[in-house]
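The values are calculated or read from the model by the stated rules, or taken from the named source; none is laboratory data. Just so it is clear, the structure is predicted and the values come from calculations on it, not from any experiment. Cβ atoms come from the backbone with ideal geometry, glycine included; neighbour counts cover every protein chain shown.
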Amino acid sequence: MTLFDRVQRAMVYVLLSLAAFVSIFPFFWMIVGSTNTSADIIRGKASFGDQLLINIVNFLASVDLFSVLFNSTFIAVTTTFFTLVVSSLAGYGFEMFRSAFRERVFAVLLLMLSIPFAAIMVPLFVMMARMGMINTYSAIILPTISSIFIIFYFRQSTKAFPGELRDAARIDGLNEWQIFFRIYIPVMRSTYAAATIIVFMANWNNYLWPLIVLQTNEMKTITLVISSLASAYYPDFGLVMVGTILATLPTLVVFFVLQRLFVEGMVGSIK
Amino acid sequence: MIWPIIWSLWMSFQTGRGMNTSFGGFSNIKRLLGDPVFFRALVNTLTFLLIQVPVMIFLGLVLAVVLNSPTIKGRAFFRTAIFLPCVTSLVAYSILFKSMFATDGVINNTLIAVHLLGDPISWLGQPFYAKVVIILAITWRWTGYNMIFYLAALQNIDPAIYEAARIDGVPRRAQFFRIIIPILKPVILFTAIISTIGTLQLFDEVNNITAGGPADATLTLSLYIYNLTFRFMPSFGYAATVSYVIVLLVAVLSYVQFFVARDRK
């Protein structure tokens, strides 16, 4: 190894370490922050303090923890369930059943994928208002369950589903629904797991649409709560940090437990 | 036949978009062309897009190429660490950034301590620096995400290609620009389009870090639509007109990116 190589190698490690440090620091900051007073956080104190209990007590005093966690969990879990049922069925259908319009309809779907949410939120809100669904769980859940991205993901993954399996099932006399529920779902379970992670995370973290649709305090999710706590004129960052940890924890746990599936799910859509 | 049912179900959620036509007319377009706040939001959004997306893609590529080299130790650790920002919610990390970039906050303290800075910068109080914070924040959140895509693509490259390049005496840097980037072009295009769409609808970060301020310096199109509809006097029709500008931008930019990628083949 020449000196030049060694210097280059050292630079690579410096670059990687710097990137890793920058990536991890805000997490450290969040944990340290939850143990400090708001004033210390604003003053940039980056060492552990003794305010953790006080911050937790303050947090519990300003937030109805049970209802907030219930709202977040209920919305994320029901949305995930229905999205997986509806969108995987659609993805399976797109791949498995031939039709003259199949590719054309799918092309339209893909085109819609590139329409940003900001562009449809106004009409969607007007629609929800006309149906009297403002400030209800359904207003959050209904527009999200047919996810084009997940349909696309399942269609791609279904290409790997062996056609012989389906033919064998047909010969054995199963109808199309039985094939889907008894054969397709068990065979594709890792696809389902990856999709579950993607959808759950997206809905747990969803902000803009709930912000528009959920208007009373007892309907608010954890994401909305920490946002409004932090945007107060004089925010108490100590208790905000406790809330931030609470909001981040579920996805962090899912990530570390199912890391391989997590990454697979993200990359899977472009295989 | 399952899919037509799904399709109609799906349609029933989406037809709302058609409603804009009933609000339409030229008055909204006229208002749009004479609206300085709209143009500020448009310029801000495009500024974020033009600076942040290329920087992030380049960083993601460099990190992916470095992490793909088998001689680097601790690759799994670095990969996980750099990917970690992706698991945070946009709101949560925005709040963290807001507190870190306070005027007496940890970023200023650190920069002053290592003598990169003489006096503290009012990050969130000055139009220019507020933009910088937003760009830094988005780059922090999404670089690892993009890196994962490049890593996956790099692992599919046949090692024989590198071997051939080595035998032909192609220097390292030329390998990056002449071999790796052309092979990764489809993935880069894909991430560029995804990032473009994402940046055009930037909302969570600006609303939580700067609330569009100071003096609309970080106001984005999405935030403006939100303000028009839900913060000021509700004006759904005009907000929908601004929405169409985003649709138009996505369409034009995706087309341009496809065109550029195809042309160079």
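Taking segment B:166-197 as the search range and keeping residues that are surrounded by fewer than 16 Cβ atoms within 10 Å (Cβ to Cβ) and small (Gly, Ala, Ser), which one is nearest to the chain's Cα centre (by Cα)?
Across segment B:166-197, the extreme among qualifying residues is B:Ala174.
Please find, within segment A:178-220, the residue that is nearest to A:Pro250 (Cα to Cα) out of those that are within 14 Å of the chain's Cα centre (by Cα) and of a type in the set (S, T, N, Q).
Going through the qualifying residues, I end up with A:Asn205.
Just to be sure before I move on: is A:Ser72 out of contact with any Cys (no Cβ under 7 Å at 6 or more places or on another chain), farther than 20 Å from A:Ile150 by Cα and crowded, with 19+ Cβ neighbours inside 10 Å in the structure I sent?
Against the criterion (out of contact with any Cys (no Cβ under 7 Å at 6 or more places or on another chain), farther than 20 Å from A:Ile150 by Cα and crowded, with 19+ Cβ neighbours inside 10 Å), A:Ser72 qualifies.
So for segment A:76-84 (the condition being touching a Phe, Trp or Tyr at 6+ places or on another chain (Cβ under 6 Å) and either surrounded by fewer than 16 Cβ atoms within 10 Å (Cβ to Cβ) or not aliphatic (A, V, I, L, M) (or both)), does at least one residue qualify?
yes
Which helices (runs of 4 or more DSSP H) sit wholly inside segment B:150-238 and have at least 2 residues that are closer than 30 Å to B:Val133 by Cα and touching a residue at least 24 places away in the same chain (Cβ under 8 Å)?
Here the list reads B:181-200, B:204-209, B:221-226.
Residue under question is A:Pro235, and the condition is that it be facing chain B (nearest Cβ under 10 Å) and more than 21 Å from the chain's Cα centre (by Cα); does it hold? Outline the logic, then answer.
Values: facing chain B (nearest Cβ under 10 Å): yes; more than 21 Å from the chain's Cα centre (by Cα): yes.
Here the answer is yes, as A:Pro235 does meet what is asked.
Condition first: more than 30 Å from A:Ala107 (Cα to Cα), within 28 Å of the chain's Cα centre (by Cα), more than 7 Å from every other protein chain (Cβ to nearest Cβ) and modelled with pLDDT of 90 or more. Can you find one or more residues in segment B:69-81 that meet it?
no
If a residue must be polar (S, T, N, Q), buried (at least 18 other Cβ atoms within 10 Å of the Cβ) and part of a helix (DSSP H, G or I), how many such residues does segment A:186-217 contain?
Step one: of segment A:186-217, the residues polar (S, T, N, Q) are A:190-191, A:196, A:203, A:205-206, A:215-217.
In the following step, the residues that additionally are buried (at least 18 other Cβ atoms within 10 Å of the Cβ) were identified as A:191, A:196, A:203, A:205-206.
Now narrow it down to the ones that are part of a helix (DSSP H, G or I): A:191, A:196, A:203.
Here the count works out to 3.
What's the number of the only condition in (1) surrounded by fewer than 21 Cβ atoms within 10 Å (Cβ to Cβ); (2) more than 9 Å from chain B (Cβ to nearest Cβ); (3) not hydroxyl-bearing (Ser, Thr, Tyr) that A:Lys220 fails to meet?
Only one criterion in (1) surrounded by fewer than 21 Cβ atoms within 10 Å (Cβ to Cβ); (2) more than 9 Å from chain B (Cβ to nearest Cβ); (3) not hydroxyl-bearing (Ser, Thr, Tyr) is unmet by A:Lys220, namely (1).
For segment A:121-151, enumerate the residues that are touching a helix residue (DSSP H, G or I) at 6+ places or on another chain (Cβ under 7 Å) and more than 10 Å from chain B (Cβ to nearest Cβ).
Within segment A:121-151, A:Met133, A:Ile134, A:Asn135, A:Tyr137, A:Ala139, A:Ile140, A:Ile141, A:Phe149, A:Ile150 qualify.
Quick check, is A:Ile183 away from chain B (no Cβ under 11 Å), among the β-branched types (Val, Ile, Thr) and surrounded by fewer than 20 Cβ atoms within 10 Å (Cβ to Cβ)? Spell out the reasoning first.
Details: away from chain B (no Cβ under 11 Å): yes; among the β-branched types (Val, Ile, Thr): yes; surrounded by fewer than 20 Cβ atoms within 10 Å (Cβ to Cβ): yes.
So A:Ile183 passes the test.
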